[in-house]
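Asker: Structure incoming, see below.
All of the numbers you see were taken from the coordinates with simple rules; none came from a lab. Being a predicted model, the structure only gives us computed values, none of them experimental. Methodologically, a virtual Cβ is constructed for each residue, glycine included, from the backbone with ideal geometry; neighbour enumeration extends over all protein chains shown.
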Amino acid sequence: MAESRWELQVGELVFSEGDPPTSAFLIESGQIEILTLQDGAPLRLSVLGAGDLLGEMAIIDAAPRTATARALTAASLIPIDGTQLSERIETSDPIVRALLKGQLSRYRHALHSLSGQDPATYAILHGEPERGRRAQDEGAMAKIHLETQLRNALINRTLEVRFQPIYDIPLQRITGYEALIRWSHPSRGPVSPAEFIALAEETSLIVPIGQYVLERVAEALVALRDQGVAELPWIAVNVSGRQFAELDMLAAVRSAALAAGLEPRLIKIEVTESLTVDIERIRTLIERAHAEGVMVSLDDFGTGFSNLGHLHKLRFDSIKLDQGFVRQMLLAPRCMAIVKTIVAMVHGLEADLIAEGVETQAQFDALAAMQCRYIQGYLIGKAQSLPELFANHLP
Ligand code: C2E
Ligand code: CA
Ligand code: CA
């Protein structure tokens, strides 16, 4: 189907100042001049040529045209439907959107004072941004603020790494921990990583945070060793998608362990189920980890991303049963049926099962009866600070 084109003669208008925005245009050939009126006389702001986008500004902020576009030579334009652009903008990162709109609004004000009108008139003519839009922009700014505070927390070392004990049923003692990060926010107090890890993942901030956690974990192990703990526990660290993509996790684990004179097997990597979508990548990670003696756990198993067809190719050392199953299993027989199947499957894969979120003795007993190896949850203990870990971990 032929594309609809606008063929313009010299001097023909594309749009005029004040027109409602309907579409933007891609200039295929010819030249278009952009004009505004200064003290009643036309003033040329720019000349656009082949390959340039024209009239997209009014689409971005859904405001009337603030300039006039006129063909300087014969020209051919391809109209681009406004919704095509505005949908992209609406689904873009809210911070990028707020930056774009902020710049645009400044540009429009500047343009308006150029044409001799004051900004107050501009606001009356074109309206201030609607309330909903304002609120969205404020949300984006609050996010930038939070991210800056998080960055500072990392620099000032006010991010705390806590250690949640993991009980080994056959050995009848705590043999491992999971490192869980906490942010002591200056005014809000401790903030859960559920709130800020996603934020850190949106930028590369997650990478130094992950590095920070590894360093604190290595420090904790060294301190336990210095305290005379003969058989050191393993400590699992959570690795999120971006960290996985941007950081050589294994090199980081290896160097954190070796720098502290620790065996790499003491640091375990937890990858969440959603990362296993990239089978080849995760398989390489596991193979390399095993070559180094590092163990890898599959976190939040059963929450919706596992491709069972490929799971047999991934030699995880342990699989963590998501806490949602543990919460439901004694209440819903059908959930219990699934848990039993998962336990059997994990055994078949020669991996250890770690049940998360165990809060009651009844849950513990049911899991022990199924030969689940490890139990993690408030029944065993909450995440502890470093001094608590020293006080509670038995040598
Ligand atoms: P996760 O890896 O699934 O961690 C377990 C979460 O469940 C922790 O929440 C833990 O405090 C909580 N939990 C443990 N036992 C129980 C229980 O018996 N009952 C209940 N209701 N909850 C329990 P937390 O610390 O808020 O961490 C949330 C998530 O944040 C973690 O989920 C993990 O995905 C992420 N996260 C934590 N630390 C780090 C980190 O250092 N790096 C990365 N990338 N992510 C982290
Ligand atoms: Ca985890
Ligand atoms: Ca988990």
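Asker: What residues have an amide H closer than 5 Å to that of residue 300, excluding those fewer than 5 places away on the same chain, when H is modeled at 1.01 Å from N in the peptide plane?
Answerer: Excluding prolines and chain starts, which carry no amide H, the hits are 320.
Asker: What's the magnitude of the charge dipole for the chain around its Cα centre, counting Lys and Arg as +1 and Asp and Glu as -1 at the beta-carbon? Answer in Debye, nearest 20.
Answerer: Value, rounded to 20: 840 debye.
Asker: Which one of 303, 256, 366 has its Cα pushed farthest toward the positive end of the charge dipole of the chain, where Lys and Arg give +1 and Asp and Glu give -1 at the Cβ?
Answerer: 366
Asker: So, one more: Computed from the mean reciprocal separation of all distinct C-alpha pairs, what Kirkwood hydrodynamic radius does the range 159-393 have, in Å?
Answerer: Values: mean 1/r = 0.0549 Å⁻¹.
Evaluated on the range 159-393, it is 18.2 Å.
Asker: As a test of the formula, what do you get for the chain when each DSSP H run with n ≥ 4 contributes -39,500 (n - 2.57) and the sum is divided by the residue count, at 222 nm and rounded to the nearest 500 deg cm²/dmol?
Answerer: Mean residue ellipticity, 222 nm, calculated: -13000 deg cm²/dmol.
Asker: In whole Hz, what ³J(HN,Hα) sequence does the range 56-62 give by Karplus (6.51, -1.76, 1.60; θ = phi - 60°), x for Gly and Pro?
Answerer: Along the range 56-62, the couplings run 7, 4, 5, 6, 4, 10, 6 Hz.
Asker: A further question follows. Using Cα springs under 10 Å in a Gaussian network model of the chain, which residue among 175, 360, 272 shows the largest mean-square fluctuation?
Answerer: Per the Cα network of the chain with a 10 Å cutoff, 360 tops the list.
Asker: So how far apart, in nm, are the two label points at residue 103 and residue 394 if each is 7 Å from Cα heading toward Cβ?
Answerer: Taking the two extended label points, one gets 6.2 nm.
Asker: Over the Cα atoms, compute the radius of gyration (one decimal) and Dmax (the largest Cα-Cα distance, rounded to a whole number) for the chain, in Å.
Answerer: For the chain, the Cα-based Rg and Dmax read 29.6, 88 Å.
Asker: State, to one decimal in nm, how far the label point of residue 280 lies from the label point of residue 313, with both points 7 Å from Cα in the Cβ direction.
Answerer: Placing both labels 7 Å beyond Cα along the Cβ direction yields 0.9 nm.
Asker: Another question, then. Treat the count of other C-beta atoms within 10 Å as a stand-in for reagent exposure and order 212, 378, 177 from fewest to most.
Answerer: Going from least to most buried by this count: 378, 212, 177.
Asker: Just need the relative contact order of the chain here, percent rounded to a whole number, with Cα pairs under 8 Å and 6+ apart.
Answerer: Normalised by residue count, the contact order of the chain is 12 percent.
Asker: Any chance you could check the Cα centroid distance between the range 366-395 and the range 1-76 for me, in angstrom?
Answerer: Centre-to-centre (Cα) distance: 68 Å.
Asker: Taking amide H atoms as placed 1.01 Å from N in the peptide plane, list the residues 5 or more away in sequence, or in a different chain, whose amide H sits under 5 Å from that of residue 174.
Answerer: Those qualifying (amide H under 5 Å, at least 5 residues apart or on another chain) are 168.
Asker: If you take the C-alpha gyration tensor of the range 6-92, multiply each eigenvalue by 5 and take the square root, what semi-axes do you get, largest first, in whole Å?
Answerer: So the three semi-axes of the range 6-92 are 21, 17, 10 Å.
Asker: So if I take the centroid of the Cα atoms in the range 215-283 and the same for the range 318-345, what is the distance between those two points in Å?
Answerer: Using only Cα atoms, the two centres lie 27 Å from each other.
Asker: Right, next: Restrict the search to the range 232-314; then list the trypsin sites (Lys or Arg not before Pro) that DSSP places in a loop and that have at most 16 other Cβ atoms within 10 Å of their Cβ.
Answerer: Listed in order of number, the matching sites are 313.
Asker: Next question, about the same structure. How much length is gained on full extension from residue 19 to residue 192, taking 0.36 nm per residue of separation minus their Cα-Cα distance?
Answerer: Here the segment from residue 19 to residue 192 would lengthen by 57.4 nm.
Asker: Using a Förster distance of 22 angstrom, determine the FRET efficiency expected from the C-beta separation of residue 152 and residue 245, and round it to 0.05.
Answerer: 0.30
Asker: Given a Förster distance of 30 angstrom, what is the FRET efficiency for residue 81 paired with residue 29, based on the Cβ-Cβ distance and rounded to 0.05?
Answerer: Details: r = 21 Å, r/R0 = 0.69.
Using R0 = 30 Å, I get an efficiency of 0.90.
Asker: What FRET efficiency comes out for residue 349 versus residue 143 if R0 is 45 angstrom and r is the Cβ-Cβ distance? Round to the nearest 0.05.
Answerer: Calculated transfer efficiency: 0.65.
Asker: Now a separate question. To the nearest 20 debye, what is the magnitude of the charge dipole of the range 6-92 about its Cα centre, counting +1 on the Cβ of each Lys and Arg and -1 on the Cβ of each Asp and Glu? Don't skip to the end; give the middle numbers.
Answerer: On the way: 4 positive and 13 negative charges, 34 e Å.
Roughly 160 debye, rounded to the nearest 20.
Asker: While we're here: Between residue 382 and residue 336, what is the spin-label point distance in nm, taking each point 7 Å from the Cα along the Cα→C-beta axis?
Answerer: Result: 3.0 nm between the two label points.
Asker: If you build a Gaussian network model of the chain, linking Cα atoms that sit under 10 Å apart, which residue out of 162, 225, 151 swings the most?
Answerer: Of 162, 225, 151, the Gaussian network model singles out 225 as fluctuating most.
Asker: Kindly express, to the nearest 10 degrees and within the range 0 to 90, the angle between helix 94-114's C-alpha long axis and the longest C-alpha principal axis of the chain.
Answerer: So the inclination is approximately 20 degrees.
Asker: With springs only between Cα atoms under 10 Å apart, run a GNM on the chain and tell me which of 309, 293, 189 wobbles the most.
Answerer: 309
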